[in-house]
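Please find one structure pasted underneath; my questions will follow.
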Amino acid sequence: MALAEPAAPSTAGPPQDHFVSIRDVDLVYGRGETGMQALGGASIEVQKGGFAAVVGPSGCGKSSLMKLVTGLLPPTKGTISVAGKIVDGPVNVAGMAFQNPTLLPWRSTLQNIMLPLEVVEPHRRKLRRNRKDYEAQAHDLLAAVGLTGFADRAPWQLSGGMQQRASLCRALIHQPELLMLDEPFGALDAFTREELWSVLQKLWMERRFTVILVTHDLREAVYLADTIHVMSARPGRIVASRKVPLAYPRTLEDTFKPEFVDIVHELRHHISRERQAVS
Amino acid sequence: MTDTVSSPAAAPKRRFQINDNWAPWMVGIGALVIWELACRIFAIKPFVLPAPTAIAASLWKWHEVIAVHAAQTLYTTLLGFLLAVVGGLALGVAVGYSRFLYKALYPILIGFNSVPKVAIVPILVIWFGIGTIPAVITAFLLSFFPIVVNVAAGLATVEPEMEDVLRSLGASRRDIFFKVGLPRSMPYFFASLKIAITLALVGSVISETIASNSGIGYLMLNASARFDVPLVFAGLFVVAVLGVLIYAVFAMFETRFTGWATRAQAIRFEGGG
Ligand SMILES: Nc1ncnc2c1ncn2[C@@H]1O[C@H](COP(=O)(O)OP(=O)(O)O)[C@@H](O)[C@H]1O
Ligand SMILES: [Mg+2]
């Protein structure tokens, strides 16, 4: 994958405090006449250890944005950098989780969680010799998400919420600096979802990885994120960025406070304007 | 009545299980009894429809000859099937792994599969003479297609999200193939073995009836030429038993090696959200 611009890294390199920087990115699927523009001039900066949420109408290019940041797709125009390096292939420093937990049914929960270690360097080389240490780490993570004692269960024996917890563990097992979540709690019932908000918040506060969370749940965005980016309808770009000035750790009680509710309303207003622009 | 009252919880369950296991036997035995009675009551000639007892007698009378021919049929079936497993697995993996090979080979495979294989046997006879080789090749030709298609389909069902997770970690196509694609296609592979082994038997018997001097197919053809209809039916019975037995063996392999697939499926159907 070639660089989109003949950039001079010394001057155009991203500033140190931005762990992820997406600058003026276009993405076109397909070529020529049949091409479909998913993103048009999207820009987002995320601080190291920050928690960014991306909300927007469905089909506006949020999942595409995740693929760009993790280096699964090259942008048509613009640059993306992660951890100070311009992304030009799979980034290795990221963990990912999706709405579909995609656990492999022939592996136990523990083996599923350890799957990234069999793939990503440098763990891949060390896994055989340090198996015990890695297993201990996996058990710690399971405990942190409330799955103590489920390590040897098959994934189909877990409920939807538990599978999503395991999926979160799998995304974090190689201690990534960046966690990419694409509507991770979208398929869960309201109670399980709120439980997982607090699990995720706790993990993030302890470990301070950088998070980009795509969600269609505005309360979820406000509960978790320090900054929320609202995307326009396709071709997606950022139409508003909103800081959430509420102190961590946030609780379910906070979601009923006026400050919280006001932010949710403000975001809803942005989104409905974007949706009207489409129809 | 008192029985059901004394053990209200266990009774319905036990009765249900008995029905389950014995139903096919009872239907089978019932059909044989009706067949036997019909033959006797209507005095049907043995060369039109022999009675089950006549078939059993023939089976006993010729059991040594039948055993030799059955062994030959089993041998060509298994050999053809073995070749089909190796070839089908290799081709299925190739087609499922490479988009180019998929595009290039899939239409040809479909076309090939729609050729009636009986029509190929005379050509095989020209090349290889009559006997074992045409039977093995016919068994192979019939049974390898379902293996190819199933393995390729299994490889194609890898979830795109799973691929994204692994690719973003720097996994190569090879990694994804061995960690996800191949294990995922195993249930499809084992399911196809059941079908393939049955088709291999069909292929062997067809080839034996056309071009052979041994095997159950040959035995049946020979017997029918001599109007020994009970022996024809005895041959048919042996083929049926062989078919059921080999099917059962591979059905057992399937549950043994890829039980996770059926169990995972069952749960997925139950749990909606
Ligand atoms: N691989 C692809 N090829 C072509 N079009 C795609 C592809 N992936 C997504 N799209 C299109 O790009 C647009 C944005 O998709 P996506 O990023 O999945 O949106 P979101 O996640 O916000 O719902 C959609 O209109 C979708 O149809
Ligand atoms: Mg999406």
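For chain A, set up a Gaussian network in which alpha carbons nearer than 10 Å are linked by springs, and say which option among A:Asp189, A:Asp226, A:Asp26 fluctuates the most.
In this elastic network of chain A, the residue with the biggest mean-square fluctuation among A:Asp189, A:Asp226, A:Asp26 is A:Asp189.
Give the cross-link partners of B:Lys194 among the aspartates and glutamates, using a straight C-alpha distance below 14 Å as the criterion and excluding same-chain residues fewer than 8 apart.
By straight Cα distance, B:Lys194 reaches B:Glu254.
On to the next question. How do B:Ile126, A:Ile263 line up, fewest other C-beta atoms within 10 Å first?
Fewest-to-most Cβ neighbours within 10 Å comes out as B:Ile126, A:Ile263.
While we're on this one: About the Cα centre, and with charges only on the beta carbon of Lys, Arg (+1) and Asp, Glu (-1), how big is the dipole of chain B? Nearest 20 debye, please.
Numbers: 19 positive and 13 negative charges, 33 e Å.
Result for chain B is approximately 160 debye, rounded to the nearest 20.
What is the dipole size for the protein assembly as shown, taken about its Cα centre, with +1 at each Lys and Arg Cβ and -1 at each Asp and Glu Cβ, in debye to the nearest 20?
Using Cβ point charges on Lys, Arg, Asp and Glu, the protein assembly as shown gives about 800 debye.
222 nm [θ] for chain A, helices only, -39500 (n - 2.57) per DSSP H run of 4+, per residue, to 500?
-10000 deg cm²/dmol
Please label the shape of chain A as rounded, prolate or oblate, based on the square roots a ≥ b ≥ c of the eigenvalues of the alpha-carbon gyration tensor (a/c under 1.5 means rounded; beyond that, a/b larger than b/c means prolate, else oblate).
Oblate, since a/c reaches 1.5 and b/c is not below a/b.
Springs between alpha-carbon atoms under 10 Å, Gaussian network over chain A: tell me which of A:Pro75, A:Pro258, A:Pro116 tops the mean-square fluctuations.
A:Pro258
Another question, then. Tell me the chymotrypsin sites (Phe, Trp or Tyr not before Pro) within region B:188-259 that lie in a loop according to DSSP and have at most 16 other beta-carbon atoms within 10 Å. Write down the numbers at each step before the final one.
Values: sites: B:Tyr188, B:Phe189, B:Phe190, B:Tyr218, B:Phe227, B:Phe233, B:Phe237, B:Tyr247, B:Phe250, B:Phe253, B:Phe257; in loops: B:Phe227.
Those satisfying the criteria are B:Phe227.
Which one of B:Val85, B:Ile137, B:Ser185 is farthest out on the positive end of the charge dipole of region B:53-263, using unit charges on Cβ (Lys, Arg +1; Asp, Glu -1) and the Cα centre as origin?
Of the candidates, B:Ser185 comes out farthest on the positive side.
Evaluate E = 1/(1 + (r/R0)^6) for A:Gln37 and B:Ile41, where r is the Cβ-Cβ distance and R0 equals 51 Å; express this FRET efficiency to the nearest 0.05.
Details: r = 81 Å, r/R0 = 1.59.
Plugging the Cβ-Cβ distance into 1/(1 + (r/R0)^6) gives 0.05.
For A:Gly78, what residues show an amide H to amide H distance below 5 Å, using hydrogens built from the backbone and excluding near sequence neighbours?
Residues meeting the amide H criterion: A:Asp26.
Pairs of Cα atoms under 8 Å, at least six residues apart: use those to get the relative contact order of region B:53-263, whole percent.
Working: 272 pairs, mean separation 63.7, N = 211.
So the answer I get is 30 percent.
A further question on this structure: Hey, can you grab everything whose amide H is under 5 Å from the amide H of A:Met96? Only 5+ residues off in sequence or another chain; H modelled, so Pro and N-termini drop out.
Counting only residues 5 or more places away or on other chains, the set is A:Met180.
Work from the charge dipole of the protein assembly as shown (Cβ charges, +1 for Lys and Arg, -1 for Asp and Glu, about the Cα centre) and give the residue of B:Val148, B:Ile34, B:Ile66 farthest towards its positive end.
So the residue we want is B:Ile66.
With point charges of +1 on the Cβ of Lys and Arg and -1 on the Cβ of Asp and Glu, referenced to the Cα centre of the protein assembly as shown, which listed residue (B:Ala234, A:Thr227, B:Val249) lies farthest in the positive direction of the dipole?
My answer, from the dipole projection, is B:Ala234.
Quick check on the exposure proxy: order A:Met66, A:Met205 from fewest to most C-beta atoms within 10 angstrom.
Placing the least packed residue first, the sequence is A:Met205, A:Met66.
To continue, here is another question. Pairs B:Lys103/B:Lys179; A:Lys48/A:Lys132; A:Lys62/A:Lys243; A:Lys48/A:Lys243; A:Lys48/A:Lys77: which exceed 21 Å Cα-Cα?
The pairs that break the limit, which is 21 Å between Cα atoms, are B:Lys103/B:Lys179; A:Lys48/A:Lys132; A:Lys48/A:Lys77.
Within 10 Å of each candidate Cβ there may be at most 13 other Cβ atoms; applying that plus a DSSP loop requirement, which trypsin sites (Lys or Arg not before Pro) in region B:57-146 survive?
Here no trypsin sites (Lys or Arg not before Pro) fit, given the DSSP loop and packing criteria.
Only Cα pairs within less than 10 Å get springs; with that Gaussian network setup on chain B, which residue of B:Ala196, B:Ala211, B:Ala119 has the largest fluctuation?
Result for chain B, Cα springs under 10 Å: B:Ala119 fluctuates most.
Which of B:Phe128, B:Phe177 has the fewest other C-beta atoms within 10 Å, and how do the rest follow up to the most? Each step should come with its number before you reach the end.
Details: B:Phe128 15, B:Phe177 18.
The order, fewest Cβ neighbours first, is B:Phe128, B:Phe177.
Contact order normalised by length for region B:163-239, with contacts defined as Cα pairs under 8 Å and 6 or more residues apart; what percent is it? Walk me through the numbers before you get to the answer.
Working: 36 pairs, mean separation 11.2, N = 77.
Normalised by residue count, the contact order of region B:163-239 is 15 percent.
Amide H of A:Ala38 versus every other amide H placed in the peptide plane: which residues, excluding those fewer than 5 positions away on the same chain, fall under 5 Å?
A:Leu27, A:Val28, A:Tyr29
Right, another one. Over chain A, what is the relative contact order in percent, taking alpha-carbon pairs closer than 8 angstrom and at least six residues apart?
25
Please report the antiparallel percentage of the DSSP beta bridges confined to the protein assembly as shown, to the nearest 5.
50
Just tell me how shielded A:148-155 is by partners: mean number of partner chain Cβ atoms within 10 Å of each residue's Cβ, no decimals.
Details: counts 0, 0, 0, 0, 0, 0, 4, 3.
Taking the mean over all residues of the peptide, I get 1.
In chain B, which whole DSSP H runs stretch at least 15 Å along their own axis (Cα) and average 1.0 or higher on the Kyte-Doolittle scale?
Correct list, ordered by number: B:63-97, B:132-156, B:182-210, B:229-270.
Could you work out the mean count of beta carbons from other protein chains within 10 Å of each residue's beta carbon in B:167-177?
Mean inter-chain Cβ contacts per residue within 10 Å come to 6.
Would you mind working out the magnitude of the charge dipole of chain A relative to its Cα centre, with +1 at each Lys and Arg C-beta and -1 at each Asp and Glu C-beta, to the nearest 20 Debye?
Dipole size: approximately 620 debye.
Computed from the coordinates by the stated procedures, all read-outs in this text should not be read as laboratory data. Keep in mind the model is a prediction, meaning the values are calculated, not measured. Glycine gets a Cβ as well: all are built from the backbone with ideal geometry, and neighbour counts include every protein chain shown.
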